[in-house]
Structures are given as structure tokens and as C-alpha cells.
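FYI, it's all coordinate maths here, none of it is from the lab. Just so it is clear, the structure is predicted and the values come from calculations on it, not from any experiment. Here the Cβ is made from the backbone with ideal geometry for all residues, glycine too, and neighbour counts use every protein chain on show.
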Amino acid sequence: MEERIREIAQRYPAEKRFSLAVLQDVQREFNYIPPEALPLIKEHLGPDVREGQLYALATFYKALSLKPKGKHIIKICDGTACHMQGSTRLITAVQLALGIGPGECTPDGQFSLELVNCVGSCALAPIMIVDETYHSKVTMEGLPAILDTYRPGGERDV
Amino acid sequence: MSETVKLVIDGKPCTCEKGDYLLEVAQRNGIRIPRMCYHEGLSGLGACRVCIVEVVEAGRSRVVTSCIYPVLSEIEVFTQNEKIKELRGMVLTLLARLAPNAEGVAKMAAKTGIELPRLAVKEGGDTCILCGRCVSACEALGSGAIAKVNRGVTKEIATPYGEPSSECIGCGSCAFVCPTDSIASERTEESFTIWGREFEMQRCSVCGMPFTTQAAFAFLQAAQAEWEPGAEQQPPLCEECGKKAVARQIANAGKYL
């Protein structure tokens, strides 16, 4: 893992302004920022960068996570329009189906659940985004079938 | 060549160089704008908002944060008119809500004649106003062990992962600059404890008084070696003995004139 983190850091010049870009790439690779990553990123970016600053960035942005996330990340929009269209029921349904609440990850590491605010597709409410795929107008009846495609062996589980 | 700008602060005509920060310009002219996060040795943070003032430029008025407001054109400034007093009162009230146990906030309110609403002060309640002066001091000194962590209501000042930081040198600058004395530290004859780490004290090579931590002294020596490669390393001297040593050098230098 350490080697991989070094490789990611070395894609960018050793300058402070690339801190966020490196963190984003590490997040994309591992689905979270492992504790080992910060000292290695600091080492590459040079003396202008402090571990504290990287930690501040990693905790500030919602796109970065310090906790491991599942292979598939389910984001349910709880913005105003989705909320009116029953996103809370959708959240409860996912909780019942997978046994995890918002911010949590299933023990097998397959799924994690997150609540997000408006994603700008209000006409398609309620919206559920899994990885990069937008599932629109999700219904209680349709939900299990969508989740099944991401379970181990499912067609979207790649 | 820098440009000179004329301005009027609370009725007093002043001049400054274009781009100077308003709070500092006022200070130079004997007008002390109340502030909490601004520190002379550090750059303005604009975090506490206590230093807000009203700026009138070409007939248009607005409220700005004077520690990070560069004076660029002719302006008229009001540092304590009714409007500003009211707004500053609001700012201090919010800071007091954030940190009900912060004496610094209560003192600032008393000093600026603002009456804070009565708040329930709990034992062990918050004293940090999250201004970030400590983080700024830590970074300015070249360590960077602490940072503003998380955001919104969960924001706090902490070390990475809340673990004792390997970058901390125990210099105590963070606690020294804190406007509300909210950083816990403990100093004994032998050790200094801060941010979950205990540091051994460095004794003065002349009088034997412990004056800083060994880690902070080693950090300074390393910094000096970087600025002046090959320069002779100074022995550890406390402030008092250091002054005496410099005075002696100056006195000796006089002999050869």
C-alpha cells in the first residue's frame, strides 16, 4: 500500500498546492485516506506541507474520508425535493436491507451508505447514486433489485 | 515605489502605504481596534470578526474586517460608532455562546462596553473560540503540529488523528498566543506537557534554569544551521543569560574601536 501511495503522490509536482489533488487520488484508490498516507504525502510534497494541514484538509472535505468505505458507495439525496418525494423512507429501506445507517459500512466491506444534499436532479427525485450511477425515481419495490446488482456476483459488482 | 493613501479614522486624518492593513494603520495612529484573533507577529486571520469597522468609500458604506482589509483608496473609517458597537456586540455574543467559559471573551466585552447576555457557565465548558491563532503560530514557527480539524459544529483544534504529534516540539507558542487561555499545558521543573506529549526541559548552560524544552531547542539549532550553514552552534542560554552574553559581546566590541 505504501508503494502505491508514493506512486500516487509522485504523479504531482512537489508543491503545496497539489495537496488536495493527491488526497483525492488516494481517496479514489483506497476509498478512504489510510493513516499511513499522510506522512508519505507530506514526504513527497516537501517542507511547506505539514501533516496537520493534510489532516485538516482530509477532515474538511466531505469527499475525503478517514474511515474505510465499502466497495460500493450508496449516496441517497436528502435534499428538499428528494425529501418531499420520500427519501427518508428510502434511507430506512436501505438500512433495513443492508443493516447499516448513514456513514456506516457493511461488515463485508461491500456497501457504505451516505446522505448527501441536493445533487441537482430534483426532477428525478428521489435519487440514489451508487458509485457513479444515478438511479432515479427509486421506489420501495424497485430498491431490492437495484441493490442486488451490486451484491457479490451481481452484474454491477465489478 | 509604493503609493501613499490618505484616510480618516474616527475623524483623525492619517496616511498609509497602499495595501497596508487597516487594523495596523489604525494602531500606528493610536487607535486600537478591539481584536481577538489578530496577533502582531502573525498575519491577519479574519476569524474572530471582533475587529470589524465601518468603511465609507465614495459615499458607500460597508462593514469590513480590519485585520485583513488592505487600504487601497481614500476611505473614511469608523471603529466604534453605534452600528459597529451593535454588530461587535453580536459577534461577541456569538463567541460567548461558542465558548461560554472563555474569560477572554468576557474581558473583551467588558473592555468594549458590551453587555453579554447571561449564559450558563458550566464547569469544564468550552473556552476555545476556534480563531486559529494557535495554528497560525505553530505554522509560522515552522512546526505545524496542530490544525483546525473537521468543520461546522464539530470543528476543533487538534493534532492529526488526535494522537500526540511527532511534529510538536513543545515550544508552547500555541498556548502563549491563545486569546482565551484554552490550550491545556502543564509545566514542572523537569518537564512540559502539551497536546498529550511530555517534553524534557532544557536548562540554561550558565544559570541552570529550565527555559524551554529540549525538543524546541534542538529545533532552533537545526533552523539556525539551515540559515547559516557552518555557523557556530550557540550554547543553550535562557533569556536573561542570553541578553547578558550579547551585552558582553557589544561591550567587548567597543574596546577595539
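Quick one: is B:Glu139 touching a residue at least 24 places away in the same chain (Cβ under 8 Å), acidic (Asp, Glu) and either within 14 Å of chain A (Cβ to nearest Cβ) or surrounded by fewer than 16 Cβ atoms within 10 Å (Cβ to Cβ) (or both)?
Judged against the criteria, B:Glu139 is not a match.
Would you mind finding the one in A:Pro39, A:Pro68, A:Pro34 that is under 29 Å from A:Thr133 (Cβ atoms) and out of contact with any strand residue (DSSP E or B) (no Cβ under 9 Å at 6 or more places or on another chain)?
Checking each option against the conditions leaves just A:Pro34.
Need a quick list: strands (runs of 3 or more DSSP E) entirely within region B:145-239 having at least 2 residues that are more than 14 Å from every other protein chain (Cβ to nearest Cβ) and more than 29 Å from B:Leu130 (Cβ to Cβ).
Passing ranges, in order: B:197-203, B:210-213.
Is it true that some residue in region A:8-30 is acidic (Asp, Glu), in contact with a helix residue (DSSP H, G or I) (Cβ under 6 Å, 6 or more places away or on another chain), part of a loop (DSSP other than H, G, I, E, B) and on the phi < 0 side of the Ramachandran plot?
Within region A:8-30, none of the residues are acidic (Asp, Glu), in contact with a helix residue (DSSP H, G or I) (Cβ under 6 Å, 6 or more places away or on another chain), part of a loop (DSSP other than H, G, I, E, B) and on the phi < 0 side of the Ramachandran plot.
Tell me which residues, restricted to region A:73-105, are touching a helix residue (DSSP H, G or I) at 6+ places or on another chain (Cβ under 6 Å), surrounded by 16 or more Cβ atoms within 10 Å (Cβ to Cβ) and assigned to a loop (DSSP other than H, G, I, E, B).
Listed by number, the list holds a single entry, A:Asp78.
For every residue, the table says whether it meets (1) away from every other protein chain (no Cβ under 11 Å); (2) of a type outside the set (A, V, I, L, M); (3) farther than 17 Å from B:Gly144 by Cα; (4) crowded, with 22+ Cβ neighbours inside 10 Å.
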residue: A:Tyr32; (1), (2), (3), (4): yes, yes, yes, no
residue: A:Glu36; (1), (2), (3), (4): yes, yes, yes, no
residue: A:Ile41; (1), (2), (3), (4): yes, no, no, yes
residue: A:Asp48; (1), (2), (3), (4): no, yes, no, no
residue: A:Leu57; (1), (2), (3), (4): no, no, no, no
residue: A:Lys62; (1), (2), (3), (4): no, yes, yes, no
residue: A:Lys71; (1), (2), (3), (4): yes, yes, yes, no
